[in-house]
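Enquirer: Below you'll find the structure I mean.
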Amino acid sequence: MSSFEYQNGLLHCEQFPLDALAKAFGTPTFVYAAGSIGAAYQAITDAFTGIDTLVCYAVKANANLSVLKCLKELGAGFDIVSGGELARALSVGADPNKIVFSGVGKQDDEIKAALAAGIHCFNVESEAELYHIATIAEAEGQLAPISLRVNPDVDPKTHPYISTGLSTSKFGIPMADALGLYQRAKTLKGLAIKGLDCHIGSQITSIEPYLDAIDKMFALIDSLAAEGIAITHLDIGGGMGVRYQDEPDFPLRELSAALEPRLKARQLTLILEPGRYLVANAGVLLTKVLYTKVNGEKQFAIVDAAMNDLLRPALYGAAQGIQPVKKPQKAATTPIDIVGPICETGDFLAKDCAVDLAATDLVAIASAGAYGMSMSSNYNSRGRAAEVFVQGDQARVVRERESIDAQLAPELAGLNAAFTHSAPPS
Ligand SMILES: *Cc1c(COP(=O)(O)O)cnc(C)c1O
């Protein structure tokens with residue numbers, strides 16, 4: 001069941017009506033349902049009960065501290081891709097031993113901070129990075145726990161921008177190079193080989209791409225074992241899809257059934273890195289219609305949220321559900337595009353929606369809990385939206401709406417200052 005349902009003709013988040021949230025906190029506002037995050041986490045742990053599993057939430061999907069704290073309290077670890085995400089996870093008291101560090105461009109200070117924190121594993125994405133981490137760890141007198149992120153060359157059949165496991169993508173290490181690189185890793189002083197990792201893409205709706213990848217991963221694990229390289233975990237990444245429109249529920253149990261006997265036979269822990277699955281449908285973007293207009297054939301509702309708040313429609317052509325806060329009494333007459341105030345034709349939130357909207361109406365853009373706020377920007381000097389957490393009939397702000405002062409502050413000091421640096425002589 002969704003946490004966003006109509007009660008007495010008004011859309012609610014759990015037991016809180018969204019019109020009351022708009023009145024209390026203004027718009028545009030991201031509204032998150034704590035219960036939904038808990039239910040999604042539970043669905044994963046239930047499906048994987050037979051397997052020793054560590055769920056590492058992919059922080060980039062939604063990095064709000066209260067979201068992280070909620071997941072930490074449920075027992076989740078974290079998959080981070082930057083020093084900033086490490087700091088966020090640590091600031092909510094995450095167990096460093098449940099943190100894995102992914103990403104193709106880890107920098108020195110990020111590697112050092114992760115070593116100092118004592119994270120569970122670095123997911124290494126290239127030969128150069130492997131040597132670099134080994135050098136830093138040795139200099140720090142540490143052992144860096146590592147997995148190689150291999151690229152299994154499978155097509156996850158999702159949007160090209162979120163397909164990461166094809167041989168043409170920038171991610172991971174080619175499968176054919178992996179064994180040789182593990183052998184070299186074994187000889188490097190600063191490293192401790194822990195596991196094997198992959199992440200094939202995002203918003204994947206069937207298990208076939210995972211099965212293709214898993215077959216190749218287990219073949220590699222067995223070749224490693226034959227060379228005397230033992231690992232203790234297999235990380236299969238994230239990517240489990242959610243329902244935006246009419247996608248099927250992701251078949252978690254089919255995936256666990258395919259993994260269980262093979263992991264048990266090899267005494268391996270499983271690591272999962274779900275992002276979207278845990279938070280997408282736990283959030284909506286609540287926005288207000290400013291104006292409606294008709295341009296020739298086309299009808300528009302201009303709302304106070306825009307592509308700087310929610311980039312997915314513009315970036316991926318993503319279609320998210322549209323729910324007017326007041327339940328529509330009759331079917332819509334003309335399809336309408338819901339657009340923001342930004343000066344870009346790509347600034348749309350939904351196209352050809354079957355809803356009737358008038359000025360001042362409130363609308364919820366569904367499934368906005370993942371890759372909404374975390375991809376937001378200040379484009380057009382718009383302040384970032386507020387974020388609100390709801391639990392039952394209680395609500396609280398978990399990120400204040402960004403003020404114009406907060407946007408200007410980092411620039412004001414430089415406005416009238418003298419130049420401070422001279423170019424070196426040539
Ligand atoms: C983005 C990402 C994830 C999470 O992807 P979802 O589709 O949100 O589950 C997990 N692992 C890595 C390495 C990622 O880059």
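The values are calculated or read from the model by the stated rules, or taken from the named source; none is laboratory data. Computed from a predicted model, the values in this text were never measured in an experiment. Here the Cβ is made from the backbone with ideal geometry for all residues, glycine too, and neighbour counts use every protein chain on show.
Enquirer: Would it be correct to say that Gly180 is in contact with a strand residue (DSSP E or B) (Cβ under 7 Å, 6 or more places away or on another chain) and either of a type outside the set (Ser, Thr, Tyr) or under 28 Å from Asp109 (Cβ atoms) (or both)?
Expert: The answer is no for Gly180.
Enquirer: OK, next. For Asp352, work out the one condition from (1) on the phi > 0 side of the Ramachandran plot; (2) outside the structural domain of Cys13 (by TED's automatic domain parsing) it doesn't fulfil.
Expert: Failing condition for Asp352: (2).
Enquirer: Can you spot a residue in region 352-375 that is hydroxyl-bearing (Ser, Thr, Tyr), farther than 30 Å from Gly201 by Cβ and in contact with a Leu (Cβ under 9 Å, 6 or more places away or on another chain)?
Expert: Yes.
Enquirer: A follow-up question, please. Considering (1) β-branched (Val, Ile, Thr); (2) touching a Phe, Trp or Tyr at 6+ places or on another chain (Cβ under 7 Å); (3) not in a strand (DSSP E or B), say which one Val390 fails and leave the rest.
Expert: For Val390, the exception is condition (3).
Yes or no, residue by residue, for (1) outside the structural domain of Asp235 (by TED's automatic domain parsing); (2) of a type outside the set (A, V, I, L, M); (3) farther than 30 Å from Val242 by Cα:
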| site | (1), (2), (3) |
| --- | --- |
| Ala114 | no, no, yes |
| Glu125 | no, yes, no |
| Leu130 | no, no, yes |
| Val150 | no, no, no |
| Gly165 | no, yes, no |
| Gly172 | no, yes, no |
| Lys186 | no, yes, yes |
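Enquirer: For region 71-82, which positions are within 20 Å of Asp197 (Cα to Cα) and either in a loop (DSSP other than H, G, I, E, B) or more than 16 Å from the ligand (Cβ to nearest atom) (or both)?
Expert: Within region 71-82, Ala76, Val81, Ser82 meet the criteria.
Enquirer: Pairs only if they're at least six apart or on different chains, beta carbon under 9 angstrom, first in region 232-249 and modelled with pLDDT of 95 or more, second away from the ligand (no atom under 13 Å from the Cβ) and of a type in the set (S, T, N, Q); list them, first residue then second.
Expert: From region 232-249, the pairs are Thr232/Gln267; Thr232/Thr269; His233/Thr269; Leu234/Thr269; Gly241/Ser206; Tyr244/Gln320.
Enquirer: Can you tell me which condition Ala113 does not meet? The list is (1) farther than 21 Å from Gly35 by Cα; (2) within 15 Å of the ligand (Cβ to nearest atom); (3) free of Cβ contacts under 8 Å to residues at least 40 places away in the same chain, and all the others hold.
Expert: In the conditions (1) farther than 21 Å from Gly35 by Cα; (2) within 15 Å of the ligand (Cβ to nearest atom); (3) free of Cβ contacts under 8 Å to residues at least 40 places away in the same chain, Ala113 misses (2) alone.
Enquirer: Which condition number in (1) under 30 Å from Ile365 (Cβ atoms); (2) more than 13 Å from the ligand (Cβ to nearest atom); (3) not charged (D, E, K, R) is the one that His199 fails?
Expert: The single condition His199 does not satisfy is (2).
Enquirer: Further, regarding this structure: Could you give every pair whose Cβ atoms fall below 8 Å, whose first residue belongs to region 165-178 and is more than 16 Å from Pro209 (Cα to Cα), and whose second residue is among the acidic types (Asp, Glu) and surrounded by fewer than 17 Cβ atoms within 10 Å (Cβ to Cβ), counting only separations of at least 6 or pairs across chains?
Expert: Between residues of region 165-178 that are more than 16 Å from Pro209 (Cα to Cα) and residues that are among the acidic types (Asp, Glu) and surrounded by fewer than 17 Cβ atoms within 10 Å (Cβ to Cβ), the close pairs are Ile173/Glu127; Asp177/Glu127.
Enquirer: Please go through region 38-67 and pick out each residue that is of a type in the set (Val, Ile, Thr) and either more than 18 Å from the chain's Cα centre (by Cα) or away from the ligand (no atom under 16 Å from the Cβ) (or both).
Expert: Answer for region 38-67, where residues must be of a type in the set (Val, Ile, Thr) and either more than 18 Å from the chain's Cα centre (by Cα) or away from the ligand (no atom under 16 Å from the Cβ) (or both): Thr45, Thr49, Ile51, Thr53.
Enquirer: For region 11-41, which positions are among the β-branched types (Val, Ile, Thr) and closer than 13 Å to Arg396 by Cβ?
Expert: Thr29, Val31
Enquirer: Please go through region 346-355 and pick out each residue that is part of a loop (DSSP other than H, G, I, E, B) and either at pLDDT 95 or above or within 22 Å of Ala385 (Cβ to Cβ) (or both).
Expert: Gly346, Asp347, Val355
Enquirer: Keeping to region 43-70, report how many residues are outside any loop (DSSP other than H, G, I, E, B), within 20 Å of Asp235 (Cβ to Cβ) and not charged (D, E, K, R).
Expert: Looking only at that region, the number is 13.
Enquirer: Can you tell me which residues in region 15-35 are assigned to a loop (DSSP other than H, G, I, E, B) and surrounded by 19 or more Cβ atoms within 10 Å (Cβ to Cβ)?
Expert: Correct list: Thr27, Pro28.
Enquirer: Select the helices (runs of 4 or more DSSP H) contained entirely in region 231-342, then report the ones holding at least 3 residues which are away from the ligand (no atom under 16 Å from the Cβ).
Expert: So the answer is 252-266.
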